[in-house]
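To start, the structure itself, in structure tokens.
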Amino acid sequence: MACVSKQRCFFFILALCFWASNCAEFNDIFEPSWAMDHVMYEGELLKLRLDNISGAGFSSKAAYLFGKAGAQIKLVPGDSAGTVTAFYMSSEGTLHDEFDFEFLGNASGEPYIVQTNIYSNGTGNREQRIYLWFDPTADFHSYSFLWNHNQVVFLVDSVPIRVFPNNERLGVPYPKKQPMKVSSSIWNADDWATQGGLVKTNWSHSPFISTYKSFDIDANEYGLNGESRGVNENGSKWWDMPSYSSLSPQQRRMLRWVHRNYIIYDYCKDSTRFSTSPPECAGLRF
């Protein structure tokens with residue numbers, strides 16, 4: 001990723017060195033959210049374990065309002081049917097905001113499915129599903145959210161796979177007021193995750209392990225007391241620059257490539273669920 005300013009470079013480098021001995025440790029930024037004995041540390045790697053006793057999860061200590069958050073993840077190898085690994089941002093409460101990557105486990109030899117979803121002011125049901133164009137269990141790949149006043153972009157290895165523009169003019173709530181924590185988890189969801197729940201988790205293949213490294217959070221941070229810590233002292237934030245207000249022509253081409261070749265479900269086109277197309281779907285073209 002090219003840095004757009006000296007300050008941007010500084011914070012990007014800071015994010016990249018979360019695991020380095022002279023930089024912040026995982027425990028400085030994150031903490032296990034449940035099943036601490038299933039959160040494992042192996043050098044620069046963090047692993048979440050799912051077995052027939054428990055899954056596991058972690059969450060950032062701080063919350064963030066606008067910016068970018070991501071991680072490199074290597075998904076559960078082999079027969080992962082019935083499992084879900086989630087990487088997401090979420091606020092709290094009934095009227096919460098949330099961005100989701102949900103990696104739906106697969107039977108051996110089948111492609112991994114990534115389900116994305118967006119909640120704004122407590123309203124979700126905005127699922128899209130794609131096949132990945134690589135084996136996400138063979139190596140680490142980057143999954144991230146870019147979020148500002150104009151759009152939310154889901155990125156896989158810097159390729160945009162989904163964009164949610166600010167459509168408040170159409171009466172669609174947009175996530176712009178609630179700071180969100182960065183979280184991840186792994187759990188058993190064999191009632192729906194693989195082929196609609198037809199393929200169940202085979203516990204003889206457990207433990208199921210998702211592996212993480214190189215967390216990258218460059219965002220407007222809110223502390224435990226709700227105060228904004230910002231990312232620089234003069235109030236200038238890179239994500240508010242005009243170049244981030246919409247997708248670039250190259251990004252639009254990449255998004256069209258993903259949708260033409262890899263998308264397998266789009267709520268905007270599901271007339272069974274929605275007799276009237278959701279308002280944010282009207283005229284959505286890339």
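Where a number appears in this text, it was derived from the coordinates with a stated rule and is not lab data. Worth saying up front: this structure is predicted, and the values here are computed from it rather than measured. A quick note on method: Cβ atoms are made from the backbone with ideal geometry, for glycine too, and the neighbour counts reach across all protein chains shown.
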TODO: Between Ser245 and Leu95, with labels modelled 7 Å along Cα→Cβ, what's the label distance in nm to one decimal, could you check?
DONE: 2.8
- [ ] Mind checking which aspartates and glutamates have their Cα closer than 18 Å to the Cα of Lys237? Skip sequence neighbours fewer than 8 apart in that chain.
- [x] Asp216, Asp218, Glu221, Glu227
- [ ] Provide, as a two-decimal number, the C-alpha radius of gyration of region 87-135 over 2.2 N^0.38 Å, N being how many residues it has.
- [x] 1.35
TODO: Project the alpha carbons of region 238-281 onto their principal axes and report the range along each, largest first, in whole Å.
DONE: 40, 24, 13
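Here are some pairs, Lys61/Lys177; Lys74/Lys200; Lys47/Lys176; Lys61/Lys176; Lys176/Lys213; which of them have Cα atoms lying more than 30 Å apart in this structure?
Where the Cα-Cα span goes over 30 Å, the pairs concerned are Lys47/Lys176.
Please give the peptides 160-169, 41-50, 251-260 ranked by average Cβ packing (other Cβ atoms within 10 Å per residue), highest first, as a rough proxy for protection.
Details: 160-169: 18.6, 41-50: 16.7, 251-260: 15.0.
Peptide ranking by packing, descending: 160-169, 41-50, 251-260.
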Task: Fraction of alpha-carbon pairs over 17 Å apart in region 119-210 - percent - done: 66
Task: For region 13-172, convex hull volume per residue from C-alpha positions, Å³ - done: 136
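Cβ neighbours within 10 Å, averaged per peptide: list 101-112, 189-200, 78-89 in order, most packed at the top.
On the way: 101-112: 18.4, 189-200: 15.2, 78-89: 23.3.
Going by the mean number of other Cβ atoms within 10 Å, highest first, we get 78-89, 101-112, 189-200.
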